[in-house]
Amino acid sequence: LKKDLLVHYPLTGDSKDVSGKGNHGTAKGVAFSEKSGASFSGGNALSSYISLPTAMFDRNQEQNGMTVSFWVKNNEGTNNNVFGFGASKACSSGKHFIINMKVTDVKSGDYGKLFVSACPNGWGTDPNKIAVAPPAANTWMHLTIVMEGKSFTLYKDGVKAGTATEDYSLAEMGNNVFAYIGNAVYAHNPYGGDHDFSGNVKDFRVYGCALGQTQVEAVYQGDGAP
């Protein structure tokens, strides 16, 4: 696990990377504490978020797997994009990956659900997203997303919750131009963008490989729990 760890943000005092890789985040409008991790206010787009180095999300055919893992507590704010990265800042086009804690768009068939989506050409273009029941409000949950080739698997509290086959692999995204904890591509919408995530995130990790189920369980049972 340590060999393939690209970044580890405990988020208990700041947004520094403790993996030794030097992939420090840049926080804006975020409070940190030992117990609650990073607290995001859910204000206007790009007012409360952590910007991450984009290069660590760039993959190639030889290294076409990745795992993102973190603890999260959702306050049920609007359009809760807790994490996202992508190759275009245009919300209506470009490949991007998002984790939305609870969809609030009443027109969406995913209303009220947590979903993981790799959109090939902007919002709503991915029919193969993983959509599952969201966590209860103000309740900590551990999420792990394992990406391997075109396969994406979601684990909730160490237990597999869903798998989808997407239109493209991580290597086919190209060079990423944004990566956030606390928001996603929709922050760049010229019409105002979605609000930032409202809630808490702790023990955020990115691995440069697809973890197996036993490894996912080991991370969940580790010492990063709130």
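Here the chain is scanned for trypsin sites (Lys or Arg not before Pro) in DSSP loops (not H, G, I, E, B) that have at most 11 other Cβ atoms within 10 Å, and the longest stretch holding none of them is 108-226. The helix-only estimate of mean residue ellipticity at 222 nm for the chain, built from DSSP H runs of length n ≥ 4 each weighted as -39500 (n - 2.57), is -1000 deg cm²/dmol after division by the residue total. Exposure check, 1.4 Å probe, all protein chains in place: Glu148 carries approximately 120 Å² of accessible surface. When the pairs Lys113/Lys150; Lys21/Lys113; Lys2/Lys113 are compared against a 29 Å limit on Cα-Cα distance, Lys21/Lys113; Lys2/Lys113 fall above it. Could you tally the net charge around Lys28, taking each other residue with its Cβ under 13 Å from the Cβ of Lys28, Lys/Arg +1 and Asp/Glu -1? Once positives and negatives cancel, what remains is -2. Using Cα pairs under 8 angstrom and six or more residues apart, how large is the relative contact order of the chain, in percent? This gives 31 percent for the chain.
Which of Lys35/Lys160; Lys89/Lys160; Lys3/Lys102; Lys16/Lys129; Lys28/Lys73; Lys16/Lys89 have a Cα-Cα distance over 29 Å?
Numbers: Lys35/Lys160 27 Å; Lys89/Lys160 31 Å; Lys3/Lys102 33 Å; Lys16/Lys129 31 Å; Lys28/Lys73 19 Å; Lys16/Lys89 25 Å.
Correct reply: Lys89/Lys160; Lys3/Lys102; Lys16/Lys129.
Between Ala133 and Lys160, the modelled labels are 2.0 nm apart [label points 7 Å from Cα along Cα→Cβ]. Projected label points at Met141 and Lys35, each 7 Å from Cα along the beta carbon direction, are separated by 2.3 nanometres.
The GluC sites (Glu not before Pro) of segment 2-76 meeting both criteria, a DSSP state outside H, G, I, E and B (loop) and at most 11 other C-beta atoms within 10 angstrom of the site's C-beta, are Glu34, Glu62. The share of accessible area on the chain that comes from carbon and sulfur is 46 percent, using a 1.4 angstrom probe.
Inter-label distance, Tyr168 to Tyr111: 3.1 nm, where each label sits 7 Å from its Cα along the C-beta direction.
Taking all protein chains together and rolling a 1.4 Å probe, Ser198 ends up with roughly 20 Å² accessible. Maximal additional length on extending the Glu76-Val177 stretch stands at 33.6 nm, based on 0.36 nm per residue less the C-alpha distance. Using the 1.4 Å probe convention, the accessible area of the chain works out to 41 Å² per residue with neighbouring protein chains retained. Look at the Cα gyration tensor of the chain: its axes a ≥ b ≥ c give a/c under 1.5, and that counts as rounded.
The values are calculated or read from the model by the stated rules, or taken from the named source; none is laboratory data. Keep in mind that this is a model prediction, so the values were computed, not measured. Glycine gets a Cβ as well: all are built from the backbone with ideal geometry, and neighbour counts include every protein chain shown. Accessible surface is based on the protein model in full, side chains and every heavy atom, while ligands, DNA and RNA are left aside. Shrake-Rupley method; radii C 1.70, N 1.55, O 1.52, S 1.80 Å.
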